[in-house]
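Here the structure is laid out as structure tokens; the discussion comes afterwards.
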Protein chains: 4
Amino acid sequence: MGMIGGGTGSFIGDVHRKAASIDGLIELVCGAFSSNSEKSIQSGKNLFLPENRCYESYEEMILKEKELPEDIRMDFVAIVTPNHMHFPPAKFALEHGFHVVCDKPVTLTLDEAIELQKVIEKSNKLFALTHNYTGNAMVKQAKAMVDNGDLGNIRKIQVQYLQGWLSTAVESTDNKQASWRVDPKRSGIGGALGDIGTHAENLVEYITGLKIKELAADLGRFGKGRILDDDGNLLLRMENGAKGTMSISQIALGEENNLAIRVYGEIGSIEWHQENPNELITRWLDKPKQIYTPNGNGLYPESSSVTRIPAGHPEGYLEAFATIYKNFATHLMALKEGRNIEKPDYPTVEDGIRGMKFIYASVESDKNNAAWVKLN
Amino acid sequence: MGMIGGGTGSFIGDVHRKAASIDGLIELVCGAFSSNSEKSIQSGKNLFLPENRCYESYEEMILKEKELPEDIRMDFVAIVTPNHMHFPPAKFALEHGFHVVCDKPVTLTLDEAIELQKVIEKSNKLFALTHNYTGNAMVKQAKAMVDNGDLGNIRKIQVQYLQGWLSTAVESTDNKQASWRVDPKRSGIGGALGDIGTHAENLVEYITGLKIKELAADLGRFGKGRILDDDGNLLLRMENGAKGTMSISQIALGEENNLAIRVYGEIGSIEWHQENPNELITRWLDKPKQIYTPNGNGLYPESSSVTRIPAGHPEGYLEAFATIYKNFATHLMALKEGRNIEKPDYPTVEDGIRGMKFIYASVESDKNNAAWVKLN
Amino acid sequence: MGMIGGGTGSFIGDVHRKAASIDGLIELVCGAFSSNSEKSIQSGKNLFLPENRCYESYEEMILKEKELPEDIRMDFVAIVTPNHMHFPPAKFALEHGFHVVCDKPVTLTLDEAIELQKVIEKSNKLFALTHNYTGNAMVKQAKAMVDNGDLGNIRKIQVQYLQGWLSTAVESTDNKQASWRVDPKRSGIGGALGDIGTHAENLVEYITGLKIKELAADLGRFGKGRILDDDGNLLLRMENGAKGTMSISQIALGEENNLAIRVYGEIGSIEWHQENPNELITRWLDKPKQIYTPNGNGLYPESSSVTRIPAGHPEGYLEAFATIYKNFATHLMALKEGRNIEKPDYPTVEDGIRGMKFIYASVESDKNNAAWVKLN
Amino acid sequence: MGMIGGGTGSFIGDVHRKAASIDGLIELVCGAFSSNSEKSIQSGKNLFLPENRCYESYEEMILKEKELPEDIRMDFVAIVTPNHMHFPPAKFALEHGFHVVCDKPVTLTLDEAIELQKVIEKSNKLFALTHNYTGNAMVKQAKAMVDNGDLGNIRKIQVQYLQGWLSTAVESTDNKQASWRVDPKRSGIGGALGDIGTHAENLVEYITGLKIKELAADLGRFGKGRILDDDGNLLLRMENGAKGTMSISQIALGEENNLAIRVYGEIGSIEWHQENPNELITRWLDKPKQIYTPNGNGLYPESSSVTRIPAGHPEGYLEAFATIYKNFATHLMALKEGRNIEKPDYPTVEDGIRGMKFIYASVESDKNNAAWVKLN
């Protein structure tokens, strides 16, 4: 793996590195960690990389790695830059024969996302989008229960992603995470929408297997001077007639990373909280509430197969993230060995396009006083 | 207290009786428990009432009690009938000089509610509406924290009231609770809206001290053949610019009585769950999360004054309900003794009118594809 | 009901009155609320009792009530005094033909308890001991599950009753609850042992249906100058070979009323927390964890029959307490009507004797450096 | 790092590898993964190790690695074998100049542990014992709070480590984890005592900074034919006069990995649950309960410094485990670079000796009907 972005001090770069390394399948071998070439190289050294694999730019990295022998050169790039720098390196890498893992939202604009899809198809390379929460064992169980009809027809959805870290004007401090997220040039037309809303949208569609047909969005810009949304309240209508709400926020004071979902069907329902990720609450017509746990009793293989340790040994954010990398790596190895994988299990550019449509529809709805906008 | 409705087998009649009796201030002395005169009298006997205080109709009760000596006759009526039978007995009682406690929603129609307000004013009698959840000690603490500015300016609200008992067609069974609730003639134009939505609306306005300015409602009628809503997803805009979502449902399979609220301010936030009513979760800019408990450390007097037992001894649904009765009775006794009460603390017809406006605005919004409708 | 003790300002007297009144079966008709005759009478007036039913002493009350016509006089006395004043009025009431409800621990000494048992037998009157927690619907469910063999043979028990209110020297303040509890003359030889330990002991034996065979107790007296235990750590051995721990404390700083129990069998296990009383956690060999709720799915009739309101409407401390009174009143009414009740469901003097044996065994064990002492 | 034990299919070997790799400081370079030389080599290949670094025995590995150039050879060994195979390879490694990380309990016997201490001293090499739970950020916070006097003098301790996986005779199935744990030859004189009891003991002494002075242990052997304890109930007395209970079990049916601790001081108290590891519950004399979270508000640097991701992003079992490895690696790098580390923060052989004393004292106490036995 070669990394693009994620220099020393970066939050998400470090997360990607840890997630990629947990399962022992992936090794960081090179990187272009910053648009500042000096910082890039220093970051690589801090990570114990040999100096000749610390590159000054992603272009250099891709071109030089391509020249290395196959058993030495990186297999894929991991793109962990702000949103505006997803598409250019992804395209460059794919066109030069490298697979790509990319952070979300997939690109800066919807047009880029659609173009990226074409680039991927043409390249015949793999592309994974790190909607990391779908790697959680309880999310897998929830999806499997829906897929197996355990809940019956879905009627109602509640999803929320609540954070409070933008409650004050942290973008005026030296908080790098905040400064680019409130900047449309680097973030795109969505603020909280892109940063966390896409996770919520992806989780809904992943677990239920249903597309959001249309939405009505009432966005907030509570931080003084903010151009992009830092809060959103949405109504959802799913393709099967189910209805729901989505609440997202980065000004929900005191909330840390409160992503949660409830899905109600005709015969069963599920509830999951990211901050307590090792429980799946299920409710039933005629049985008491049941709490599933990773590697615990009664799980579908889709869930138990992604756990690493016995029941009662909590896995967290990094482990779910790692599952995306593991499944991607497993696909990659199969590819290299000429084996077929029936249904690779990680988010792709299609998820990315859904996410961009979600952002665009929400912004359009908000401009029209929360009128309904279709997602297609 | 004389009761109207609430015959043997009734759910809410029994709740009112238990709630009224807990604090030893109120005694059930008579009743017209059913529109069926035979059933009414048998119900009274089952409650150990003397036969001459078991009446065949509420009119009879009110007229005959009026003739009794003041120290014997009932002081007020408690109306616990289906919605369509709130206004007629309330008006009759008030016009004959009796105070009234009435279940919610206050009336069948908004017009009735407005007329009732006039009747009350003219009668110079007390009127309490049993939005029972506002009697909870943690709800009182939440309100006091907002009132004292502890949360700062409110920015975001999430409220939900989720039940699952109408997930199947229970109205086709002999479930009396269900049959009238799905019938517009007895329930009014709102289904879940009136039954539980008004509680959610009242809780929001009670805790925050803010009025809902406008709302957008997307209602569901998931049960086959249902005319009234059994599910609702709403966007809220408060008078101060705060935004939020409301989710209500009686088809949220497996949910029992999941009323919950989150209020986020600029410097603090609160979270309360009715099913775990003895905790108030608070979050802060620079302190760890704090959990308040009834009669525990750090409460405002508005909260500690409504608890009955030491911290750690859970009070529940009936106790919160009882607080409405207790505060009403305290007001009544003060009135009798010629004392003044500065700020009686129980819901009134004004809350009832807000509730009716909420129902009407929601239904209108829903008819117009969830367009915004103002509440005033 | 006539009350002995429980004057204005008393904690437990008020609890008994509220608990007795909730279900509408019992009416407070008279009382001797204090050993101070003036205070007694004032307390009765505060409770709206007619002056001629406010007595100066329990002896006066019992003798005078006896002279009243049967349909007017009290049916039973409720004794809510400190421990040293349980036996004398109980004996006096029974010998004069009144049934008795008495707070725990049943008496000041074990000898008194054994004598009381004889008095009861001879009197042919009813006697209920208010081990109130056994009235909880989830405790009933736990007991029913054990009785029905759902857990299999019991192997392990953990029980705790943790409070923190004696962490500081509150007995030196004007805290009346504290002053008598740390005084051997009024409390007996057990401090926390009698006050809360007997509840823990009773809960273990009630749920499991097993007797504690022997125990080893290491008591603490952490409060300066305290003669009686304010903390206890115990090992338990049950008659069937099960083992366990008991931890009780009134110096567990910050704990409010944390009574909790876990019972592990060969095929199932249960867990219950008094501070979250509306959940029964169950664990199974091959199923996910299941959470039962009052009036929820899957309950035994022994549990659902003691709930008052629908699932999701929390019942608390007072309601469980009220169940003891309700079952006692039901028994009493059956008796009056000449009906038989197969298995009256409330704690009796036998439970009281077990509690006293528990206290005595614990104190003896502690004196012998936590040596094993049998309970029989 | 070279690994001893932990071949394909092993639970704890895999845990050590993942934990060591998360932070990017440690690389697995070789291993002797099994006493079966063929299996050892195949396991190494499965881990993508070059064949010449897959050794047939730990002796071979240590001797051959020693011959490699310093920048290539392993820096330390990680011993992840059953208990009887801790001491021999540890001693061999240390005497041949390699640092050691070893799983707990440190050795098979107390004598071995004491001898190991001498070997370590003589070798001048580092030795870490993986009491992994002490790596958790909330455990660090708890310890820091005690160290800073926030709780005041400690009075009461409750600790439990409850599992249910030995509820049935799994040792008669092909469960390799079970078979050696119930075998005294491989496990030592303690069963659950060694496997989980030592974790509980270590956690108590780590957080409180107090030594267990003496204990009384009542052990259970509930599984048919088991020689070693599968359950234990203990009384604890700490060196400062605090008292407490410990409950450990592997037959607590349905429990997964329920390690939990409560520590009560004179002015504050803490509670932590391993299965919900991202919360530290604290209670106070005059403040509401406060819940600390990793990287959340109000933490001591000793806690915040061991977190890897922002608040609300759960870290779990592996991350706490990784902190032991990270701190060990940091110490090792400092050593290599000639820097000094003031207070290395990972468990050592001294912790190991305490654990062995705990096992021995417990077994002795149990043999004497739970008599008190000192730990020194």
Per the list (1) out of contact with any helix residue (DSSP H, G or I) (no Cβ under 6 Å at 6 or more places or on another chain); (2) surrounded by fewer than 24 Cβ atoms within 10 Å (Cβ to Cβ); (3) aliphatic (A, V, I, L, M), residue check on D:Leu166 breaks on (2)
Look at the range C:7-45 and say how many of its residues are farther than 30 Å from B:Gly44 by Cβ, in contact with a strand residue (DSSP E or B) (Cβ under 7 Å, 6 or more places away or on another chain) and not in a helix (DSSP H, G or I). 2
Does at least one position in the range C:147-154 carry a residue that is crowded, with 20+ Cβ neighbours inside 10 Å, touching a residue at least 12 places away in the same chain (Cβ under 8 Å) and outside the structural domain of C:Ile79 (by TED's automatic domain parsing)? yes
Checking A:Asp174 against (1) assigned to a helix (DSSP H, G or I); (2) modelled with pLDDT under 95, the condition it does not meet: (1)
Answer with yes or no whether C:Ile248 is farther than 25 Å from B:Ser10 by Cα, more than 20 Å from the chain's Cα centre (by Cα) and assigned by TED's automatic domain parsing to the domain that holds C:Leu219. no
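How about the range D:40-67: which of its residues are of a type in the set (S, T, N, Q) and crowded, with 19+ Cβ neighbours inside 10 Å?
Listed by number, the residues that qualify are D:Ser40, D:Ser43.
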The range C:344-367, residues that are in contact with a strand residue (DSSP E or B) (Cβ under 6 Å, 6 or more places away or on another chain) and either buried (at least 20 other Cβ atoms within 10 Å of the Cβ) or modelled with pLDDT under 95 (or both): C:Tyr346, C:Pro347, C:Val349, C:Asp351, C:Gly352, C:Ala361, C:Ser362, C:Ser365, C:Asp366
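Take A:Asn340 and decide whether it is under 26 Å from B:Trp372 (Cα atoms) and surrounded by fewer than 22 Cβ atoms within 10 Å (Cβ to Cβ).
no
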Residue tally, condition more than 8 Å from every other protein chain (Cβ to nearest Cβ) and either crowded, with 24+ Cβ neighbours inside 10 Å or of a type in the set (D, E, K, R) (or both), over the range C:235-245: 2
Filter the range D:68-78 down to residues that are more than 17 Å from D:Pro50 (Cα to Cα) and exposed (fewer than 15 other Cβ atoms within 10 Å of the Cβ), then give me how many there are. 1
Quick check on C:Trp272: is it facing chain D (nearest Cβ under 9 Å) and either in contact with a strand residue (DSSP E or B) (Cβ under 9 Å, 6 or more places away or on another chain) or on the phi < 0 side of the Ramachandran plot (or both)? no
Can you tell me which residue in the range C:294-309 is nearest to B:Ile196 (Cα to Cα), limited to those that are touching a helix residue (DSSP H, G or I) at 6+ places or on another chain (Cβ under 8 Å) and facing another protein chain (nearest Cβ under 7 Å)? C:Ile309
Identify, please: which residue in the range C:122-176 is more than 14 Å from every other protein chain (Cβ to nearest Cβ) and among the acidic types (Asp, Glu) and is, among those, farthest from C:Leu228 (Cα to Cα)? C:Asp147
Of the residues A:Tyr264, A:Tyr300, A:Tyr206, A:Tyr292, only one is of a type in the set (Phe, Trp, Tyr) and either modelled with pLDDT under 95 or within 22 Å of A:Gly352 (Cβ to Cβ) (or both); which? A:Tyr206
Of residues in the range B:277-288 being within 7 Å of another protein chain (Cβ to nearest Cβ) and without any contact (Cβ under 8 Å) to a residue 40 or more places away in the chain, the one surrounded by the most Cβ atoms within 10 Å (Cβ to Cβ): B:Arg283
Please enumerate the residues belonging to the range D:323-343 that are within 14 Å of another protein chain (Cβ to nearest Cβ) and modelled with pLDDT under 95. D:Lys336, D:Glu337
Please go through the range A:289-330 and pick out each residue that is in a helix (DSSP H, G or I), crowded, with 20+ Cβ neighbours inside 10 Å and in contact with a Leu (Cβ under 9 Å, 6 or more places away or on another chain). A:Ser303, A:Leu318, A:Glu319, A:Ile324, A:Tyr325, A:Lys326, A:Phe328, A:Ala329
Among the listed residues C:Val101, C:Val15, identify the single one that is among the β-branched types (Val, Ile, Thr), touching a residue at least 60 places away in the same chain (Cβ under 8 Å) and either more than 14 Å from chain B (Cβ to nearest Cβ) or buried (at least 24 other Cβ atoms within 10 Å of the Cβ) (or both). C:Val101
Looking at (1) farther than 30 Å from A:Lys289 by Cα; (2) buried (at least 20 other Cβ atoms within 10 Å of the Cβ); (3) under 21 Å from the mean Cα position of the chain (by Cα), which is the one condition that is false for C:Gly220? (3)
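Can you say whether B:Gln158 is among the polar types (S, T, N, Q) and either under 18 Å from the mean Cα position of the chain (by Cα) or not assigned by TED's automatic domain parsing to the domain that holds B:Ser269 (or both), as far as the supplied structure shows?
no
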Neighbours by Cβ (under 7 Å, 6+ apart or cross-chain): first from the range D:255-269, within 14 Å of chain A (Cβ to nearest Cβ) and closer than 16 Å to A:Ala311 by Cα; second surrounded by 21 or more Cβ atoms within 10 Å (Cβ to Cβ) and among the basic types (Lys, Arg): D:Glu255/C:Arg283
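The values are calculated or read from the model by the stated rules, or taken from the named source; none is laboratory data. Please read these numbers as outputs of a predicted model, since none were measured by experiment. Cβ sites come from the backbone with ideal geometry, for glycine too, and all protein chains shown count toward neighbours.
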